[in-house]
Amino acid sequence: MRRMKRNHFSAVNNAVPSSPVVKQPRRGLRLSLPHAHVLPVLPDWGTLPQHVILHIFQYLPLIDRARASSVCRSWNEVFHVPDLWKKFEFELNRSATSYFKSTHPDLIQQIIRKHAVHLQYVSLKVDSSIESAEAACEILSQLVKCSIQTLGLISTAKPSFMNVPKSHFVSALTVVFVNSTSSSSVKIGDAPVDHPSLKILVANSSDTLRLLKMSSCPHVSSDGTLCVADYYQGLRELALNYYILSDELLLALSSETHVNLEHLRIDVVSENPGQIQFHSIKKHSWDALMKHSPGVGVVMYFFLYEEELETFFQEETPVTHVYFGRSVSRAILGRIGVHCPRLVELVVCANGLQPLDSELIGIAEHCQNLTALGLSECEVNCSAFVEFVRLCGRRLTQLSIMEEVLVPDDNYTPDEVHTEVSKHLGRVWFPDVMPIW
């Protein structure tokens, strides 16, 4: 009987073709072959295309880029690719007093020695020390092999460049201007730049310069600025101090040969301590600029006391953005509502204890382009504020109001204002709250 069964199984095995041997998993392991995960093969980072590594390196801080360059030979080669050294920011400071890390002197010399010819977009960030400003001048004086397209001098605190001897600064800046024949953007505010050095810039980059920022440059006269406007026919952005703004300059920027100006920034600060009287710009000069460049944005930053503001906004002014860094009177804000129909943004950092109700409502009624308002250290009755928002409606895209600004009245409390304002804005809005640490 056993023999017959054994023969039967043998016959079955002979009838069915044998299948390949499959190794079965050990008992107790919950593994099924159809669901097994195959680990991907990791790429060899050293074989990545150069343009991919270059793209990654462009997002890395210099110190991380330098560390990555030691991974392999191909990465080190990318580290020295000229395209990677077109843009560089030199950070110069006294480490004991500054919050940002200074660029190491050895690295500065290596960049100047190996990569200066590739530099095109350069900025120098300094702190308030004269040592940092002098180090920046030393770097500028060594940039003899490069043609800078954009140059920016950045003072993180008080303008230390003004403490450098004028001859030293101008000599260093002249080196850059002489060797750069295609500059498109120059930001040299709060510095002792003068008329002769601007002439050199004019001579070499008159066809390419598009942006010039020279706010708080006391050695640049109105005539020097006029010279810039006459030669830079392609200038689209200009930033300067009010004391060098003149009717002649606006008319020069409005000439038929000059391109349309896109952005004009004016910093209004006292040229001399205690200065009260400021010259006024005639309406026909503003009108000429607006006729020539109807879309120009005119930005005015005021760092004056109330008694120093009397000259301004006596007649129509095509300003689009106004920022008051100090206290401003109700009378001046009332004039803005009447004489600034192009106003887009208004920021008031401080005012007296008199509510700005009628002034805000007047601005809302007459400034139909207003989209942003910021208020701090002033007072507005809640009802007047709600009415202001109702008049402006949903075109108010930015509304930054400190909670202390809103004064409760018979109609609204500060807690109820956000509901009404949110309704008129079409979005949820709350006043800003000063954090308590």
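Quick rundown of the values:
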| item | result |
| --- | --- |
| Hits in segment 282-298 (condition: among the aliphatic types (A, V, I, L, M) and open to solvent by less than 10 Å² (accessible area, probe 1.4 Å)) | LEU289, VAL296, VAL298 |
| Scope segment 232-269; condition assigned to a strand (DSSP E or B) and among the basic types (Lys, Arg); matching residues | ARG265 |
| Answer residue from segment 218-231, given it is of a type outside the set (A, V, I, L, M, F, W, C) and part of a loop (DSSP other than H, G, I, E, B) and is surrounded by the most Cβ atoms within 10 Å (Cβ to Cβ) among those | HIS219 |
| Selection from segment 407-434 of residues that are hydrophobic (A, V, I, L, M, F, W, C) and either out of contact with any Leu (no Cβ under 9 Å at 6 or more places or on another chain) or in a loop (DSSP other than H, G, I, E, B) (or both) | VAL407, VAL428, TRP429, PHE430, VAL433, MET434 |
| Selection from segment 393-406 of residues that are open to solvent by 30 Å² or more (accessible area, probe 1.4 Å) and assigned to a helix (DSSP H, G or I) | ARG394, ARG395, GLU403, GLU404 |
| From ARG335, ARG390, residue being open to solvent by 10 Å² or more (accessible area, probe 1.4 Å) and under 24 Å from PHE278 (Cα atoms) | ARG335 |
| Test set (1) farther than 21 Å from LEU261 by Cβ; (2) modelled with pLDDT of 95 or more; (3) open to solvent by 30 Å² or more (accessible area, probe 1.4 Å) - HIS321 fails condition number | (1) |
| Lone unmet requirement of (1) free of Cβ contacts under 8 Å to residues at least 12 places away in the same chain; (2) open to solvent by 20 Å² or more (accessible area, probe 1.4 Å) for GLN120 | (1) |
| Candidate set from segment 151-177 (those that are open to solvent by 40 Å² or more (accessible area, probe 1.4 Å) and of a type in the set (Ser, Thr, Tyr)); member that is nearest to GLU91 (Cα to Cα) | THR156 |
| Tally, over segment 232-254, of residues that are under 14 Å from LEU201 (Cα atoms) and buried (at least 19 other Cβ atoms within 10 Å of the Cβ) | 2 |
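The values are calculated or read from the model by the stated rules, or taken from the named source; none is laboratory data. As the structure is a prediction and not an experimental result, all values here were calculated from the model. Virtual Cβ from ideal backbone geometry, glycine too; neighbours counted across all protein chains shown. All accessible areas refer to the heavy atoms of the entire protein, side chains included, with ligands and DNA or RNA removed. Shrake-Rupley method; radii C 1.70, N 1.55, O 1.52, S 1.80 Å.
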